[in-house]
Amino acid sequence: MDVSGGRGQPRPGNDESAEHTGPEAPAPGGTGDAPTAPSAPTPADAKDARPEGPTPDAGAPAPESGTPQDTGAAPDHGAPDRGAPAHGRDRVPEHPEPPADRPARAPAGRPEHPDHPFAHSGSGKGQAPQRPEERRRGGLLMGRPFGVPVYVAPSWFLVAILITWVFGGQIDRVLPELGAASYLVSLFFAVAFYASVLVHELAHTLAALRFKLPVRRIQLQFFGGVSEIEKEAETPGREFVLAFVGPLLSLVLAGLFYLGLLAVDPGSVPGVLLAGLMVSNLIVAAFNLLPGLPLDGGRMLRAVVWAITGKPMTGTVAAAWVGRALAVCVLIGLPLLTQSGALGSDAVDNVGMDTVLDALLAAILAAIIWTGAGNSLRMARLREHLPELRARTLTRRAVPVESDTPLSEALRRANAAGARALVVVDADGVPVSLVREAAIVGVPEHRRPWVPAGTLAQDITDGMRVSAELAGEELLDALRATPATEYLVVEETGEIYGVLSAADVERAFVKAMARPS
């Protein structure tokens with residue numbers, strides 16, 4: 001839908017956004033080293049509100065003191081992770097109010113929707129699409145190597161305590177003369193181990209930056225780290241390299257620790273530390289090379305299948321299901337291998353605390369792999385459907401009104417034109433604010449003749465002007481950059497095209513995700 005394309009003549013827009021389905025959208029996020037996709041838009045807070053038609057009531061009582069306030073303004077969610085391009089900053093041409101008896105024309109090939117007038121539209125409490133990561137910082141910020149923030153999640157401290165306790169007991173058996181100091185040595189090992197995990201993740205980050213793929217952050221957390229890469233590699237070759245460099249760096253670190261071990265006494269504190277770091281990095285490399293998502297080996301398998309079939313989605317499906325099979329193998333096989341002594345420990349005939357801990361560890365690892373594989377499938381489907389989100393097709397047609405126009409009269413004009421949005425313009429016809437849908441719903445019908453439309457409007461900022469050509473991830477980025485409930489959609493020439501509701505984007509996203517790939 002559109003405000004105005006010329007002097008007083010509403011230009012064609014689109015009303016397909018009139019449908020209001022409102023199931024909650026999924027909130028995908030990155031898992032393992034897999035690249036993260038744009039998250040699902042946050043669903044609207046309220047159910048559809050459908051008041052009766054906006055016919056002015058001539059006998060309505062005088063308005064009460066005060067003006068109803070909008071209760072559905074989008075909250076401030078902070079700055080975006082990365083800037084989105086600004087659109088439509090040029091001054092728009094004049095847009096005087098259209099005659100009330102001149103209805104808007106429907107765009108070619110798109111039917112009118114007289115059964116969905118503006119006054120009957122759903123809740124305006126939708127807010128700009130937002131990643132869950134934007135609502136939480138991700139832990140303790142440790143630094144910004146190469147401009148990428150590194151966070152330590154609270155779960156890391158739990159793992160550090162666990163490693164200190166377990167490895168400290170082993171050091172005490174090897175070097176009993178240390179006494180309680182063995183746990184200080186073990187704590188140093190825990191920190192050094194996670195430093196090597198950070199090097200593993202930095203390898204992914206540097207490769208991503210080399211391929212001009214933005215990295216949102218690195219997070220050290222329970223059982224490893226996560227490099228959150230915002231976009232997918234353009235070719236299977238780059239995907240393979242991006243996944244392989246992590247395990248490769250872990251193998252290089254293991255080799256360096258082995259060379260260091262040759263230069264010291266294996267029975268000394270440095271020898272024990274170097275041996276532990278060598279073995280742990282070998283385990284990290286071997287585990288990540290397993291061919292199942294969300295592990296690096298799964299991304300390498302995905303790249304191979306992608307290169308063979310030419311379809312990235314086929315590679316994702318294959319690698320994700322292999323990942324789920326690995327999860328089952330870990331859940332069943334790890335306790336059996338441990339109990340049989342195949343991993344280097346003594347065979348266990350009875351069930352003890354160690355057996356229970358092994359089973360618990362296997363269950364946690366299996367759950368992480370299974371969940372990560374499922375998230376990878378969801379991310380792939382997300383990217384596959386993102387191009388369906390187009391600002392031009394989701395935009396509501398709108399009519400311009402002056403600030404002092406009574407709300408009932410503004411709604412009458414909108415309904416007559418088949419529009420579902422209101423834009424407040426100044427004396428020169430330049431749009432200055434957008435009337436918020438949630439505010440309209442909150443005004444009782446009998447008060448609408450005495451409530452000026454301008455009192456329910458939100459000033460238009462540069463970030464609230466979006467290009468009609470935006471689609472997919474670029475559209476979501478633009479909306480995340482400036483959280484709001486409505487946006488002014490403009491053509492590349494600066495001409496107004498209509499009003500985009502964040503709630504409509506949310507619903508379109510959910511419907512797209514519900515369709516099979």
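The values are calculated or read from the model by the stated rules, or taken from the named source; none is laboratory data. Everything numeric here is computed off the predicted structure, so don't read it as measured data. Here Cβ is always computed from backbone atoms with ideal geometry, including for glycine, and neighbour counts include all displayed protein chains. Each accessible area value is taken on the protein alone, full model and side chains, heavy atoms only, with ligands, DNA and RNA left out. Shrake-Rupley method; radii C 1.70, N 1.55, O 1.52, S 1.80 Å.
Here are a few things to note about the model shown:
- Note on region 352-391: semi-axes of the ellipsoid equivalent to its C-alpha gyration tensor, largest first and rounded to whole Å, are 39, 6, 4.
- Area accessible to solvent at S340, 1.4 Å probe radius, in Å²: 70
- Debye intensity ratio in log₁₀ form over the Cα atoms of region 283-428, taken at each q of 0.15, 0.19 Å⁻¹: -0.82, -1.06
- Convex hull per residue volume in Å³, alpha carbons only, for region 362-517: 142
- Per-peptide average of other Cβ atoms within 10 Å, ordering 144-156, 245-257 highest first: 245-257, 144-156
- Gain on full extension, evaluated as 0.36 nm per residue between L140 and S340 minus their Cα-Cα distance, stands at 68.0 nm.
- One quarter of the surface of the convex hull around the alpha-carbon atoms of region 456-517 equals 4.8 nm², the direction-averaged projected area.
- Residue ranges 259-270, 381-392, 415-426, 291-302 sort as 291-302, 415-426, 381-392, 259-270 when ordered by packing (mean number of other C-beta atoms within 10 Å per residue, highest first).
- FRET efficiency, 1/(1 + (r/R0)^6) with R0 56 Å, evaluated for L158 and S403 via beta carbons: 0.50
- Reduced Cα scattering model of region 176-292, Debye log10 I(q)/I(0), q = 0.13, 0.22 Å⁻¹: -0.57, -1.19
- Its Cα gyration tensor gives region 395-476 an equivalent ellipsoid. The semi-axes, each the square root of 5 times an eigenvalue, are 24, 14, 12 Å from largest down.
- Per-residue accessible area (protein heavy atoms, 1.4 Å probe) orders M313, M464 as M313, M464, starting from the largest.
- Beta bridges assigned by DSSP with both partners in region 359-517 are antiparallel in approximately 65 percent of cases.
- Residue-normalised accessible area of region 432-487, given per residue in Å² at a 1.4 Å probe: 29
- Rounded Å value of the spacing that divides the Cα centres of region 146-160 and region 188-234: 11
- Mean separation of Cα pairs under 8 Å and 6 or more residues apart, divided by the residue count, gives region 310-453 a relative contact order of 20 percent.
- E445 contributes about 70 Å² of solvent-accessible surface, heavy atoms of the protein only, 1.4 Å probe.
- Gained length - A427 relative to L256, 0.36 nm times residue gap less alpha-carbon distance: 54.3 nm
- Put a dot 7 Å past the Cα of L357, heading toward its Cβ, do the same for V166, and the two dots end up 0.7 nm apart.
- Calculated FRET value between H446 and E234, using beta carbons and R₀ = 60 Å, to 0.05: 0.55
- Taking θ as phi - 60° and the Karplus parameters 6.51, -1.76 and 1.60, the scalar couplings of region 273-289 work out to 5, 5, 5, x, 5, 5, 5, 5, 5, 5, 5, 4, 5, 5, 5, 6, 7 Hz in sequence order, x denoting glycine and proline.
- Amide proton proximity set for A484, modelled H, under 5 Å, gap of 5+: A128
- Percent of Cα pairs exceeding the 19 Å cut-off, where the set is region 239-351: 60
- Computed over every Cα-Cα pair of region 185-248 and binned at 10 Å starting from 0, the pair-distance distribution P(r) comes out as 22, 49, 22, 7, 1 percent.
- Percent accessible area from carbon and sulfur atoms, region 235-323, protein chains only, probe 1.4 Å: 82
- Sequence ranges 171-177, 182-188, ranked by mean other-Cβ count within 10 angstrom, highest first: 182-188, 171-177
- Maximal additional length on extending the D265-V279 stretch stands at 3.4 nm, based on 0.36 nm per residue less the C-alpha distance.
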